[in-house]
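**Q** I have a structure I would like to understand better, so I am pasting it below and will then ask my questions one at a time.
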Amino acid sequence: QKEVEQDPGPLSVPEGAIVSLNCTYSNSAFQYFMWYRQYSRKGPELLMYTYSSGNKEDGRFTAQVDKSSKYISLFIRDSQPSDSATYLCAMSGGGSNYKLTFGKGTLLTVNP
Amino acid sequence: GAVVSQHPSWVICKSGTSVKIECRSLDFQATTMFWYRQFPKQSLMLMATSNEGSKATYEQGVEKDKFLINHASLTLSTLTVTSAHPEDSSFYICSASFQENIQYFGAGTRLSVL
């Protein structure tokens, strides 16, 4: 079992749709949970990060972490064509264990 | 805030030459910098981790003599690909951290070795 599982998609939605992106993980030591957006041939851009369990909202984006289920989600409301990108979940263990473990990324296309 | 600049964005070089890639944190002091490699349609693969003033820690399977990392200051790290060969062609991305476990990435460098 891989440490982090993420459905690679591709996921195609119409403009204005609500998008749900998810990752599951197996390492209970993970404490920090991040979502990055990566456009083609660019570096990842940090969208959201959460420490431990809970929800966090920033504009059209909501990140949820359920440590009991080892499941994290990113919701995008009112999706726009400019949201079309690959979304990577990443997590780390906290303290000196700072390396990120990435999911494989989900390719999202928002159609106008 | 938390801007990481990476230069160049694209470099083409001849086989056997060396290439240097710079990574700078523009508005913060980075306690740790990281170098990744990414193949098409794959996730990021960590190559090495570096802290200012100390030797880089390389991941298993990464040749430290081929990929030289220098972290001269809290805002600058460089990756030198020595004696580059076509198989080194890839997308290289740096990241920097000032908060434990949160990494901010540069825009990446596309290396093409002819």
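**Q** Just need a number here: residues in the stretch A:1-44 that are among the hydroxyl-bearing types (Ser, Thr, Tyr), out of contact with any Asp or Glu (no Cβ under 9 Å at 6 or more places or on another chain) and under 28 Å from residue A:68 (Cα atoms).
**A** 2
**Q** How many residues does the stretch A:78-92 hold that are in contact (Cβ under 8 Å) with a residue 60 or more places away in the chain, open to solvent by 20 Å² or more (accessible area, probe 1.4 Å) and assigned to a loop (DSSP other than H, G, I, E, B)?
**A** 2
**Q** Keeping to the stretch B:95-114, report how many residues are under 22 Å from residue B:51 (Cβ atoms) and either surrounded by fewer than 20 Cβ atoms within 10 Å (Cβ to Cβ) or touching a Leu at 6+ places or on another chain (Cβ under 7 Å) (or both).
**A** Residues meeting the conditions: 6.
**Q** Scan the stretch A:87-112 residue by residue and report those that are under 22 Å from residue A:15 (Cβ atoms) and facing another protein chain (nearest Cβ under 9 Å).
**A** Answer for the stretch A:87-112, where residues must be under 22 Å from residue A:15 (Cβ atoms) and facing another protein chain (nearest Cβ under 9 Å): A:105, A:107.
**Q** Tell me the strands (runs of 3 or more DSSP E) entirely within the stretch A:1-74 that contain at least 3 residues that are within 16 Å of residue A:85 (Cα to Cα), modelled with pLDDT of 95 or more and not charged (D, E, K, R).
**A** Once the strands (runs of 3 or more DSSP E) in the stretch A:1-74 are filtered for at least 3 residues that are within 16 Å of residue A:85 (Cα to Cα), modelled with pLDDT of 95 or more and not charged (D, E, K, R), what remains is A:11-14, A:19-25, A:32-38.
**Q** Might you check whether a residue that is β-branched (Val, Ile, Thr), free of Cβ contacts under 8 Å to residues at least 40 places away in the same chain and not in a strand (DSSP E or B) occurs anywhere in the stretch B:102-111?
**A** Checked the stretch B:102-111: no residue is β-branched (Val, Ile, Thr), free of Cβ contacts under 8 Å to residues at least 40 places away in the same chain and not in a strand (DSSP E or B).
**Q** Checking the structure you have, find out if any residue of the stretch A:69-77 is open to solvent by 30 Å² or more (accessible area, probe 1.4 Å), of a type in the set (A, V, I, L, M, F, W, C) and either under 18 Å from residue B:104 (Cβ atoms) or out of contact with any helix residue (DSSP H, G or I) (no Cβ under 7 Å at 6 or more places or on another chain) (or both).
**A** For the stretch A:69-77, residues open to solvent by 30 Å² or more (accessible area, probe 1.4 Å), of a type in the set (A, V, I, L, M, F, W, C) and either under 18 Å from residue B:104 (Cβ atoms) or out of contact with any helix residue (DSSP H, G or I) (no Cβ under 7 Å at 6 or more places or on another chain) (or both): present.
**Q** Could you tell me which residue of the stretch A:2-28 is nearest to residue A:93 (Cα to Cα), considering only residues that are among the small types (Gly, Ala, Ser) and open to solvent by less than 50 Å² (accessible area, probe 1.4 Å)?
**A** Checked the stretch A:2-28; the qualifying residue nearest to residue A:93 (Cα to Cα) is A:26.
**Q** Right, another one. Looking at (1) within 14 Å of another protein chain (Cβ to nearest Cβ); (2) open to solvent by 40 Å² or more (accessible area, probe 1.4 Å), find the lone condition where residue A:35 falls short.
**A** Going through (1) within 14 Å of another protein chain (Cβ to nearest Cβ); (2) open to solvent by 40 Å² or more (accessible area, probe 1.4 Å) one by one, residue A:35 breaks only (2).
**Q** Quick one: count up the residues across the stretch A:38-49 that are surrounded by 15 or more Cβ atoms within 10 Å (Cβ to Cβ) and either among the small types (Gly, Ala, Ser) or away from chain B (no Cβ under 14 Å) (or both).
**A** Residues that pass the stated criteria total 1.
**Q** Taking the criterion of being of a type outside the set (A, V, I, L, M, F, W, C), surrounded by 15 or more Cβ atoms within 10 Å (Cβ to Cβ) and either within 22 Å of residue B:42 (Cα to Cα) or touching a residue at least 12 places away in the same chain (Cβ under 8 Å) (or both), would at least one residue in the stretch A:50-60 satisfy it?
**A** yes
The values are calculated or read from the model by the stated rules, or taken from the named source; none is laboratory data. This one's a predicted model, so the numbers in the text were calculated from it and none came from an experiment. Heads up, the Cβs are rebuilt from the backbone with ideal geometry, glycines too, and the neighbour counts pull from every protein chain shown. Please note that ligands, DNA and RNA were not included when accessible areas were found on the heavy atoms of the full protein model with its side chains. Shrake-Rupley method; radii C 1.70, N 1.55, O 1.52, S 1.80 Å.
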